[in-house]
1. Given segment A:98-187 reduced to its alpha-carbon atoms as identical point scatterers, what log10 I(q)/I(0) does the Debye formula return at q = 0.14, 0.22, 0.26 Å⁻¹?
2. Fewest to most neighbouring Cβ within 10 Å: what's the order for B:294, A:51, B:192?
3. Take the alpha carbon gyration tensor of segment B:56-132, find the square roots of its eigenvalues, order them as a ≥ b ≥ c, and report rounded if a/c is under 1.5; if not, report prolate when a/b exceeds b/c, else oblate.
4. Rounded to the nearest 5, what % of DSSP beta bridges with both residues in segment A:12-85 are antiparallel?
5. Does anyone have the angle between helix B:478-500 and the longest principal axis of chain B? Alpha-carbon axes, 0 to 90°, nearest 10?
6. For peptide A:187-200, compute the average count of partner chain beta-carbon atoms within 10 Å of each residue's beta-carbon.
7. Return the tail of the calculated pair distribution for chain B, meaning the percent of Cα-Cα pairs more than 46 Å apart.
8. I'd like the orientation of helix B:220-233 relative to chain B: the angle between its Cα long axis and the longest Cα principal axis, in ° from 0 to 90, rounded to 10.
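The numbers here are math on the coordinates, done by the rules we state, and not lab data. A quick note: this is a predicted structure, and the numbers were derived from the prediction, not measured. Note: ideal-geometry Cβ built from the backbone for every residue, glycine included; neighbour counts use all protein chains shown.
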């Protein structure tokens, strides 16, 4: 029934979950392997499609000393992997009132001073399961370039692997969400269409037409619907 | 890389591509949209809802005698997790103005607006705040903002998409609040896709007659949810978040009002009582029930908990006979089976084609119509592509996107899609995606009015758990809109209500009454609900767990 569990006929491989050896089907995701082995996940499992960042995972393969990182729902198992999850990481998040912040470097100096301790080691970038240029957006912020930081961090799913690996103890993903919020609120250009529509709604321009639709019988509203013109793609 | 046995079909897709591209660029419709009668025919013959065993009559509760989706009926005809006699109702663990059950977009928005309106709020959520379908929405949010569009046209589109069954007052709220929601989100710092004038980039969604789809690349839901979560966390003095603690029953008082809920701490296995003057159910949908054994796009926690809570307390359900199957779920590679391929892929010009490379349906029909026509192509017409595991799908010809919108369009506007397939060595800028409908959305739910009130005093619902606004079929981009519009409205209404309410003596009599109804209807089952989490342990492992104790699906 679950989509991530491969068919039982699949070839089996062995690996280690929290140091214990299990046999799981080849081609499983790490999450699928945990469940196949009998784990009932509570923490460390979320959207199962790579969007929520709940299933941050660290692992190692036997012939390599390096600790690797990934999302359990997106990473396919290899023979003799050593798997562990990071169910929670006590990362720092500043509290702020966005209305009172300035979109400038001084904001970051004040509320995330550790940002400026970045030693450019690039460990965060290597840890990112989204392949984002994490160090580059941190460096952009250090230069005060909020727009670039917002752009480079846009696909961040806030899994926390960068922060877990950072020797300067920066919480990159929380810094980045602030950068994007400042950009979205203060720096991005605002168009006219939205404001004029809001004004029209406030002036009740559409109330009557919608009221009429609400009271039409099914056949009349159907007719209206099927003759409406459709804008070209 | 697709396997050898698919190559012949892939060549045919490539062969027909130039001709299809030409038509697409000409501005003509690439395929004639269906008439009302054609829609009706393909739906009744091929939509899974219309199969003989899809629905059954529910035997207890406010909707007794109505036909509803089988898996939902089974869930509702289950026992409570608790015996009310075990509870000391004089021991209240938390007291608050507003309790929000669910930490997705609807719940977060409700909490923020309740706070703005003077309430102290508790958010109780099963997993983490933000672990929700809200986070996963890719394609966009509808709002009639462009000069050639209007809330009235949006109203008409939503109504036609829902087969004219939508509740009018809810649709009015949806379309009239939509521009306001975009403004609110932008003020909170959500980065929408914009053109050089600062106006929003808008696209055409399935079943829509205007370009109304606002997006944030293909991380629209994530972009919004990340911001809402961040903002909720900025107010710990007013909004307390209790994670890994799903609500398992509502509390009521002697006067028949809802008065909070009982939470279950998933880790310590304690039950916790929260007394609240207003309670908002924002628990999302039911994809993890795997209706008709479909794979799902849904979040791990999407197990219809809120329907159970509300129904046991006496709230009505609306349109629980209808299920949304998203037309484009991944079929290959097997590891991402059911994975959502955003509708934005089609709004940007990708076309569904069969194994001969033939376009067989207008690419942007409403979702149920589009899904049904995919199923027809794969079954009756036998023109699907069959995988080595026996699954079937049709091609979604994504390379067209770059031919229409220019090189780099996919990586720029569909980074999540590109990333996902790239992990399996498939380059969707050059090769199509193999897709089949996947279980996506709960169209119906708890019946509410435009203030998000259920018929039970002090009980509100918002977002996917509620029913009525989408009729029996939701359009793309109206769910992100839904949870924002109604989350906000629920928050405001609940906060105002909390200022007036006087709660009486607490009781769980409604649980006993429900249990009695089960007995009187002669229903014998060992199921309990809400199920909280699905269990994906294999039967072999379960058979060896000799001393494990399962409560429902949870060990």
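1. For segment A:98-187, the Cα-only Debye profile gives -0.41, -1.02, -1.41.
2. The fewest-first ordering by Cβ neighbours comes to B:294, B:192, A:51.
3. oblate
4. 90 percent
5. Long axis of B:478-500 versus the principal axis of chain B: about 20 degrees.
6. Mean shielding by partner chains, rounded to a whole number: 6.
7. The share of Cα pairs beyond 46 Å in chain B comes to 13 percent.
8. Value to nearest ten degrees: 30.
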